1. What order do you get for Thr244, Thr340 when you list them from fewest to most C-beta neighbours inside 10 Å?
2. For the stretch 219-268, rounded, prolate or oblate, judged on the Cα gyration tensor with a ≥ b ≥ c (square roots of eigenvalues), a/c < 1.5 rounded, else prolate if a/b > b/c?
3. How much length, in nm to one decimal, is gained on full extension between Ala217 and Asp245, taken as 0.36 nm per residue of separation minus their Cα-Cα distance?
4. Explain nothing, just the number: dipole magnitude of the stretch 133-250 about its Cα centre with +1 on each Lys and Arg Cβ and -1 on each Asp and Glu Cβ, in debye rounded to the nearest 20.
5. Could you list Arg118, Arg191 so that the one with the fewest beta carbons within 10 Å of its beta carbon is first and the one with the most is last?
6. Let me know the shape class of the stretch 150-217, please: from the alpha-carbon gyration tensor, a ≥ b ≥ c as square roots of the eigenvalues, rounded when a/c is under 1.5, otherwise prolate if a/b is greater than b/c, or oblate.
7. Specify the inter-centroid distance of the stretch 247-288 and the stretch 78-107, based on alpha-carbon positions, in whole Å.
8. A 18 angstrom limit on the alpha carbon distance is what I want to check against. Which of Lys164/Lys337; Lys108/Lys337; Lys320/Lys357 exceed it?
Amino acid sequence: MPPKKKRPAIHAATVLALLAGSAYLTVELRKDEQDKSPEVQAVTDSPGRLENGASPQGGKQTWERLRNPDRSVLRTEGGKVLATFTDGARTATLSGPSRTFAEPANTKSRVVTDDWVRLMPETWRKGAEKEKWFKDWYKQYAGSEEDDIFAIAFQYVEGAPIKKDDEGIAYRGDASFGPLNPNGSEGNDLREEQSDFYDYLGIPYTFRDGTTIQPEAKRARAIDCSGFIRTVFGYRARYPLMATDSSGDGLPRTANGMARGKAGTEVIKLDGVGLGPADRPKTIDVVQPGDLVFFKLDARTKERLDHVGIFLGHDAEGHKIFISSREEEDGPTIGDKGGTSRLDGNGYYAVGLRSAKRL
């Protein structure tokens with residue numbers, strides 16, 4: 001769902017806060033005094049709200065089935081896409097108030113989108129629109145401004161304020177990629193990988209298969225690329241998590257495990273993991289906001305994919321922008337350091353793109 005080219009005047013009721021001089025963009029549209037920065041810029045507008053699953057334009061809603069991948073699309077009578085649900089996936093994309101995602105300290109790219117990405121309680125299948133679980137879920141979230149996948153993701157970028165839960169655990173805020181590597185250098189493994197969500201939180205975590213993993217003190221407040229995905233989709237949005245790539249079921253530990261595992265629906269098929277142009281996808285137009293995108297960047301990892309991010313949408317210039325945690329920027333970013341965050345073109349990450357999945 002691309003952003004509209006023409007927008008109404010900015011509504012004061014919807015404000016996205018930028019922490020001046022940093023990369024942090026808050027995407028909360030609710031009033032939350034604890035998270036407000038004293039230095040604020042209004043940057044977005046707010047179109048009509050979807051009430052109880054109804055179209056803001058009113059009128060009849062229609063369902064249609066599309067392929068590649070198989071999915072159900074809900075439209076207004078006038079043809080506007082309200083939501084997309086993909087067979088075998090829990091990720092849903094709903095149309096809602098427009099938001100702007102930006103990281104001015106690290107890039108000129110800005111993504112303006114009315115897409116809100118959420119996880120459904122069950123995987124989608126043809127005809128699920130008639131089932132009670134879906135009707136209840138859609139009634140709750142159509143037009144909702146509750147934190148979605150994008151909002152959660154930006155709660156870990158540079159400058160994002162720390163927020164604690166009722167037990168005093170800091171579950172969000174500016175995240176590092178990992179501790180400094182004593183044998184690394186700038187541009188050459190400067191920081192260590194292997195930091196997962198439990199390291200960021202600083203608490204032990206017991207997975208569904210009974211495995212309990214202890215955090216490492218040196219990795220506190222750090223999440224590597226796959227750890228970032230597991231933090232956003234797993235710990236925060238409650239997608240099931242695996243302890244490793246092979247133990248239990250759910251979202252695997254590594255980028256390679258996620259790309260090759262059973263979780264989700266394949267959007268761009270993995271055809272090869274070489275470093276040459278022949279291994280690039282033939283087309284990337286099928287990616288949808290919220291999709292996981294996988295990369296082959298390092299020859300040392302051989303047959304393994306070694307990076308993963310979340311596709312956000314298009315920037316003002318039409319480029320496909322993603323967010324991921326990287327050592328060059330030391331944490332989650334849409335910035336340009338170490339390579340522009342684009343799936344299209346011939347940049348570092350675009351050339352390394354190999355596949356995509358919808359969880």
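What follows draws every value from the coordinates through simple rules; no lab data is involved. Since the structure is predicted, the reported quantities are computational estimates derived from the model, not experimental observations. So basically every Cβ, Gly included, is an ideal-geometry build from the backbone, and we count neighbours across all protein chains shown.
1. Thr244, Thr340
2. Since a/c reaches 1.5 and a/b is larger than b/c, the shape of the stretch 219-268 is classed as prolate.
3. Result for the pair: 7.8 nm of gain on full extension.
4. Once rounded to the nearest 20, the dipole reads 260 debye.
5. Arg191, Arg118
6. Oblate, because a/c is 1.5 or more while a/b does not exceed b/c.
7. Here the answer is 21 Å between Cα centres.
8. Checking Cα-Cα distances, Lys164/Lys337 exceed 18 Å.
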